[in-house]
Amino acid sequence: MDLVSGKMLAMGIAILAVAGPGIGLGLATKAMLESVARQPEAESKLSTYFWAGAGLIEACAIYALVVALLVGFVIK
């Protein structure tokens, strides 16, 4: 395997790493909406925790994207 093929493979694996946070964010959203449907009075407290968790999940996805871009365009 030459260097270009290895870089492309590494970029593909790093991009696949974005799928995990995407699925996690979808499941977190689903759980939050179900919780609000059961107890509407807890919406303000639940939404605070949800946005904090969603921000952390998105940070993981952005890190994976940065790694993919670094592997593809910066590392020689």
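Values in this text are rule-based calculations from the coordinates and carry no lab data. In this text, all values refer to a predicted model and were calculated from it rather than measured experimentally. All Cβ positions, glycine included, derive from the backbone under ideal geometry; neighbour counts span all protein chains shown.
Results, tabulated for the structure shown:
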item: Ratio Rg/Rh [Cα only; Rh per Kirkwood] for the chain; result: 1.23
item: Between helix 19-38 and the chain: long-axis angle, C-alpha atoms, 0 to 90°, nearest 10; result: 0 degrees
item: Distance between modelled label sites at LEU56 and ILE15, nm, 7 Å Cα→Cβ extension; result: 2.9 nm
item: Eligible lysines near LYS7 by straight Cα distance, threshold 30 Å, same-chain separation 8 or greater; result: LYS76
